[in-house]
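The values are calculated or read from the model by the stated rules, or taken from the named source; none is laboratory data. Treat the numbers as computed from the prediction; the structure is a model and nothing was measured. Cβ: placed from backbone, ideal geometry, glycine included. Neighbour counts: every protein chain shown.
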Amino acid sequence: MVRDGIYYFLGFTAAGVVVSAMLGPWLAMPLFLIAVFCAWFFRDPERPLPAGPFALSPADGKVVGVVPEGDGLTRISIFLNIFDVHVNRTPISGVITDITYRKGQFLVASREMASADNEQNVITVRAEDGTKVVFSQIAGLIARRIVCYKNTGDFVQAGERIGLIKFGSRVDVILGPEWRIDVKPGMRVVAGTSVLARRGAGEVLFKEAMTAVVGKEPALCQT
């Protein structure tokens, strides 16, 4: 359980104990149930992290959009409902070069306009080879608090925890043309485990084109 969950759990449990002592256990039952829900909601399970030239999902949830953004960029949008794990993780290893908090609205996070209009925390990670991935923690109708554990200049490993969004939200990931997208709208993804995209898209497209022309993959030059 994340630290925020411990505070909620202890607070509602303490309130339940007080109400139970003063008014009886049945009247305190809703407070105890909320405490249990908070302990479950703020769960933070360990995840197996795949190794490779991958962009990992930063959130649990449902892919609600794979949208071209111009200049070869692609935006992948993931909607988290209230039953998903809300701990967010970084898609790639690298240095956080920028964190920008943008104020905005609190529209239903599953709507397309939430990507542009909702309040959000935008994080940019640059890998050692210069590859850049931008992802956004986006607030929703119920989720009105975004938490980020990291600061500009921090080094993060792919799949490392970077924060959370409370009670339903959305996470967007912006990937460049060097990535081959592996997900489609409607797919379920798991933070730190599911692969959103793979590096080397240019090489793959070249091999596919050559195979279509000559009927086999191009051989390496030999001397």
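If you scan the stretch 95-121, which residues turn out to be assigned to a helix (DSSP H, G or I) and charged (D, E, K, R)? Walk me through how you get there before you give the answer.
Here is the first cut: in the stretch 95-121, the ones assigned to a helix (DSSP H, G or I) are 114-117.
Matches in the stretch 95-121: ASP117 only.
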Scan (1) of a type outside the set (Phe, Trp, Tyr); (2) closer than 23 Å to ARG43 by Cα; (3) touching a residue at least 60 places away in the same chain (Cβ under 8 Å) for the single condition LEU141 breaks and write down its number. (3)
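From the list SER93, SER110, SER77, which one is at pLDDT below 90, small (Gly, Ala, Ser) and farther than 16 Å from CYS148 by Cα?
Details: SER93 fails: at pLDDT below 90; SER77 fails: at pLDDT below 90.
Within the list SER93, SER110, SER77, the selection yields SER110.
Just wondering, is there one or more residues in the stretch 171-181 that are in a loop (DSSP other than H, G, I, E, B), of a type in the set (Asp, Glu), surrounded by fewer than 19 Cβ atoms within 10 Å (Cβ to Cβ) and modelled with pLDDT of 65 or more? Before you say what the answer is, go through the steps one by one.
Let us first name the residues in the stretch 171-181 that are in a loop (DSSP other than H, G, I, E, B), namely 176-178.
So of that shortlist, the ones also of a type in the set (Asp, Glu) come out as 178.
Subset that is surrounded by fewer than 19 Cβ atoms within 10 Å (Cβ to Cβ): 178.
Right, trim to modelled with pLDDT of 65 or more and you get 178.
Looking for residues that are in a loop (DSSP other than H, G, I, E, B), of a type in the set (Asp, Glu), surrounded by fewer than 19 Cβ atoms within 10 Å (Cβ to Cβ) and modelled with pLDDT of 65 or more, one finds at least one in the stretch 171-181, hence yes.
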Can you pull out the residues in the stretch 37-83 that are of a type in the set (A, V, I, L, M), outside any loop (DSSP other than H, G, I, E, B) and within 16 Å of the chain's Cα centre (by Cα)? ALA55, LEU56, VAL63, VAL64, VAL66, ILE76, ILE78, LEU80
Condition first: in contact with a Leu (Cβ under 6 Å, 6 or more places away or on another chain) and in a loop (DSSP other than H, G, I, E, B). Can you find one or more residues in the stretch 86-94 that meet it? yes
Please count how many residues of the stretch 84-108 are farther than 14 Å from GLY176 by Cα and under 13 Å from the mean Cα position of the chain (by Cα). 7
Filtering the stretch 1-18 down to residues that are modelled with pLDDT under 90, of a type in the set (Val, Ile, Thr) and surrounded by fewer than 18 Cβ atoms within 10 Å (Cβ to Cβ) yields ILE6
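Within the stretch 160-170, which residues are part of a strand (DSSP E or B) and basic (Lys, Arg)? Even if it seems obvious, please write down each step before you answer.
Residues of the stretch 160-170 part of a strand (DSSP E or B): 161-165, 169-170.
Residues satisfying the conditions are ARG161, ARG170.
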Lone qualifier among PHE135, PHE155 - being under 22 Å from ASP44 (Cα atoms), among the aromatic types (Phe, Trp, Tyr) and buried (at least 20 other Cβ atoms within 10 Å of the Cβ): PHE135
